[in-house]
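Okay, so here's the structure we're looking at.
What follows draws every value from the coordinates through simple rules; no lab data is involved. Please read all numbers here as calculations on a predicted model, not as lab measurements. Every residue, glycine among them, receives a Cβ derived from its backbone with ideal geometry; neighbour counts consider all protein chains shown.
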Amino acid sequence: MRKTKSKPTRRLAQTQLPKQSQEPERLPFIAHVYELRKRLFFIAVSLGIFGGLAATIQTQLTSVLLQPSHGQQFIYTSPGGGFDFAFRICLYTAVALSIPVIVYNLLRYLSPLVNKATMRSMALFSMWSGILAIIGILFGYYVGLPAGLKFLLHGFSSKQIEALISIQSYLSFVMAYLLGSALLFQIPLVMLFINKIKPLRPAKLLKFQRWVVLIAFIIGAIISPSPDIRNQAILSGPIILMYNLSVLMIWLINRKQHRPKKVVALLQKDAEIRAERQAQFAKAQEAWRQALSNGQPQKQHSSLHPAAPVAKSKPIAAPAATPRVVTARPLPPSGRPSKYLQDFNRQPRRQFIQQAQS
């Protein structure tokens, strides 16, 4: 005969099949390789498009790059030096303009590995990082570079000493300077990221402010080695400002996270109870001191009312024991022996009654 599954077995199989079908399928390793190749292809296309656009406006980009040098003349020492300079300008411009595309493809590649909340945090972090980087680059280009190059290029020149700087070294110096300015303005994000992993204490951070000021002036002296204190203050001021802004943001975030309204209400109530108890204790202590100064002996609980007379306690007579009147209960239908019923309804003994009366 043909065997068939029972009804409970069928129901169990029907309930398990949809669960197995709803589970996400694990992609093989080669699928991740194909996805990585796809994202790298999009980044390469972005670099090529922005590089071609930069090549069409290469002359304007060169004039913008040479503007902070205050008219300094530059040279190149090889036949391919001019082409190398133009290629570097186009490449750096393409990379700078392709940063949003690079960040987007990186997040899309990592999206299967992280949840939506983490993805939103990463996208928000990338957006603020880009905004702060742009602010740092603008600050370095309009404030830091002119002050630093004016001292470095014209501070040591004389009739017999003239600066002959290659255009490649100038480009490398400017790119490193702008990159350092962009990284310096990432201090708030770095501190907020550390605070998210391990909460920081603003009071402890403020204690390190003197060292932050010292390090900021050292960095300002390295960036612009000028004896003018105003140039160093202009360069070190944003670092100190970013640090204090980070401490303020950490204080606001930790205050909101660790002090909700319920906790604040409970802390206020606890403070009121403590104040009330302290007032009662001070009142009782003052009453005790007055009683001691009057020379009155005190007993238990007489500190609160020292003048009240203590009444002598009288022995309380035990109530007379009344014998219990127990009515016989009918036996259950199953029937029980008569001895069980007599033991259950037994009267108390006389000795227990005498002990209660005494």
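Filter the range 85-126 down to the residues that are among the basic types (Lys, Arg) and either in contact with a helix residue (DSSP H, G or I) (Cβ under 8 Å, 6 or more places away or on another chain) or in contact (Cβ under 8 Å) with a residue 24 or more places away in the chain (or both), then identify the one that is nearest to residue 41 (Cα to Cα). Reasoning before the result, please.
At the first step, the residues of the range 85-126 found to be among the basic types (Lys, Arg) are 88, 108, 116, 120.
Restricting the remaining residues to those that are either in contact with a helix residue (DSSP H, G or I) (Cβ under 8 Å, 6 or more places away or on another chain) or in contact (Cβ under 8 Å) with a residue 24 or more places away in the chain (or both) gives 88, 108.
Working: 88: 21, 108: 14 Å.
Per the criteria, the residue is 108.
Please enumerate the residues belonging to the range 146-174 that are under 21 Å from residue 58 (Cα atoms) and touching a residue at least 12 places away in the same chain (Cβ under 8 Å). Give the steps one after another, and end with the answer.
Kept after step one, since they are under 21 Å from residue 58 (Cα atoms), are these residues of the range 146-174: 165-174.
Scanning the range 146-174 gives 165, 166, 167, 168, 170, 171, 174.
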Of all the residues that make up the range 198-224, how many are surrounded by 15 or more Cβ atoms within 10 Å (Cβ to Cβ) and not β-branched (Val, Ile, Thr)?
8
Among the residues of the range 164-209, which ones are hydroxyl-bearing (Ser, Thr, Tyr) and in contact with a strand residue (DSSP E or B) (Cβ under 7 Å, 6 or more places away or on another chain)?
166, 170
Is it the case that residue 160 is more than 28 Å from the chain's Cα centre (by Cα) and within 28 Å of residue 53 (Cβ to Cβ)?
no
Having 3 or more residues that are over 25 Å from residue 96 (Cβ atoms) is the bar; report the helices (runs of 4 or more DSSP H) wholly within the range 166-252 that clear it.
187-197, 202-207, 209-223
Of the numbered conditions (1) surrounded by 15 or more Cβ atoms within 10 Å (Cβ to Cβ); (2) of a type in the set (Ser, Thr, Tyr); (3) within 22 Å of residue 34 (Cα to Cα), residue 129 fails exactly one; give the number of that condition.
(3)
